[in-house]
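The values are calculated or read from the model by the stated rules, or taken from the named source; none is laboratory data. Quick caveat, the model's predicted, so the values are computed rather than measured. Here the Cβ is made from the backbone with ideal geometry for all residues, glycine too, and neighbour counts use every protein chain on show. Protein only, heavy atoms only, side chains kept; ligands, DNA and RNA dropped before computing areas. Shrake-Rupley method; radii C 1.70, N 1.55, O 1.52, S 1.80 Å.
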Amino acid sequence: MFSRRLPHDLSENPLAKACTDLRARGAAILDLTPANPTVAGFTYPDREIAMAFAKAAVRVYEPHPRGLPAARTAIVRYYAEHGYGVDAGSLHCTASSSESYGMLFRLLCDPGDAICVPAPSYPLFSYLAALEGVSLRQYHLRRTPFGEWRIAFPSLEDTIDEQCKAVIVVNPSNPTGNYLQPEEYEQLEAFCARRNLALIVDEVFHDFSFVSHPTLRTVGGSSTALRFTLNGLSKLLGLPQMKLGWILTEGPATMRDAALARLDVIADSYLSVGTPVMAAAERLLPLHADIQKQITARCRGNLLVARESLGDHFLSPEGGWNLVIALDTNLRDDEWALKLLRENQVLVHPGYLFDFPTGSYVVGSLLTEEETFASGISSMMPLIG
């Protein structure tokens, strides 16, 4: 009766079931997986947020497929603040990054076509692709001797076939937290241009950097490939309930304009992003600096704890909100996650959720409140050695 685009089995996986059982027995779980900053102990400028909506002109509905001009102008100012010039006419406002991906899959693919995605990466891609009738091809990120994760271009070459329409790259990579290097990006852009593939760059975590040197952004300037860059308020402001994301379309003029016109048709068919949040964007976006400062300080503090405690198990990210922990391969990552939960009441994500191609890894969130994070890492050590 139901679509095959949806999972057949909707039951809890063993880790989720074990967590439910422990909580039912009243066990205190050290949860190292929080992803919602609004309940993670940060201080938000509540008055300024409220005033942004109070002063927004929302009574009159003036829909535009690319979003309210005032919202797009606010996004342009955000990029200008970081030294990048972008065109407001090349922006489409969306309700979320998930919707941005869905729109791009509809733009670029017929049912049965494919998108190339990195491994490891977001668990969400498989669900979004299935809902759009699109298949995925995985290329690998390779772990360098210095612990960084970089694009394995031979695997990308091997992934491409005639069904592939686009390559997704996340900058910084998630969950591994490494930024694209300039030479890496140049090679990727040239690869996509040569193969007539669109390039989709997800930069939602870009502002949360742990390195002192500048990091590459894929916005502004010229591109030999048709390029779509994604971002939004969910991460920039740590406000996932403020449903405003965007797609910035750039590249050779003929392809860019054709893509923008077709995105207009898709966006106009749904008009899903709300007027209030678009109207408030010009007052919301300038609030990002203080919120980002708090989140970055929390992440950096937790990184110091992890670095001091985990030794060789620690993999140092350059940005983002996640921490990858490398474990001995005598157990699979799902077995490690269950063992840590059952024996030490520490909850982490097993690496298989992120499609790590090799090894055993678990993933924790650097958003975790400091005391819980330190206790969780400390409790892990007797098991992982």
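List of remarks:
- Taking the longest Cα principal axis of the chain as reference, the axis of helix 69-81 is set at about 60 degrees.
- Carbon and sulfur %, accessible surface of the range 223-313 computed with the full protein complex present, 1.4 Å: 56 percent
- The chain - charge dipole about Cα centre, Lys and Arg +1 at Cβ, Asp and Glu -1, debye rounded to 20: 660 debye
- Positive-pole candidate from G301, G359, Q345, dipole of the range 264-362, charges at beta carbon: G301
- Alpha-carbon Debye profile of the range 89-232, log10 I(q)/I(0) at 0.10, 0.12 Å⁻¹: -0.31, -0.45
- Counted charge near S360, where neighbours are those whose Cβ lies closer than 10 Å (Asp, Glu -1; Lys, Arg +1): -3
- Accessible area ranking (1.4 Å probe, heavy atoms, ligands and nucleic acids excluded), largest first, for K243, K339, K293: K293, K243, K339.
- Over the chain, the hull volume per residue, using the convex hull of the C-alpha atoms, is 158 Å³.
- Adding -39500 (n - 2.57) for every DSSP H run of four residues or longer, then dividing by how many residues the chain holds, sets the calculated 222 nm ellipticity at -12500 deg cm²/dmol.
- Computed with the Debye formula from one identical point scatterer per Cα of the range 255-331, without solvent, the log10 of I(q)/I(0) at q = 0.16, 0.17, 0.23 Å⁻¹ comes to -0.80, -0.82, -1.05.
- Surface composition of the range 1-140: carbon plus sulfur atoms hold 56% of the accessible area, using a 1.4 angstrom probe and ignoring ligands, DNA and RNA.
- A Förster radius of 56 Å, combined with the Cβ-Cβ distance separating T43 from A130, puts the computed FRET efficiency at roughly 0.90.
- Fraction of accessible area attributable to carbon and sulfur, the range 316-374 (%, probe 1.4 Å): 43 percent
- Kirkwood hydrodynamic radius of the range 62-162, Cα pairs, Å: 16.2 Å
- Within the chain, longest stretch clear of exposed chymotrypsin sites (Phe, Trp or Tyr not before Pro) (DSSP loop, no more than 12 other Cβ within 10 Å): 147-385
- Exposed GluC sites (Glu not before Pro) absent - longest run of the chain, DSSP non-H/G/I/E/B, at most 16 other C-beta within 10 Å: 163-368
- For the residue pairs K293/K339; K165/K243; K243/K339; K17/K235, the C-alpha atoms sit more than 31 angstrom apart in K293/K339; K243/K339.
- In loop segments of the range 92-150 as defined by DSSP, there are no trypsin sites (Lys or Arg not before Pro) with at most 15 further C-beta atoms inside 10 Å of their C-beta.
- To the nearest ten degrees, helix 333-344 and the longest principal axis of the Cα atoms of the chain are 50 degrees apart.
- Gyration tensor verdict on the range 3-60 (Cα atoms; rounded if a/c is under 1.5, prolate if a/b is larger than b/c, oblate otherwise): oblate
- For the chain, the per residue solvent-accessible surface stands at 45 Å², with DNA, RNA and ligands left out and a 1.4 Å probe.
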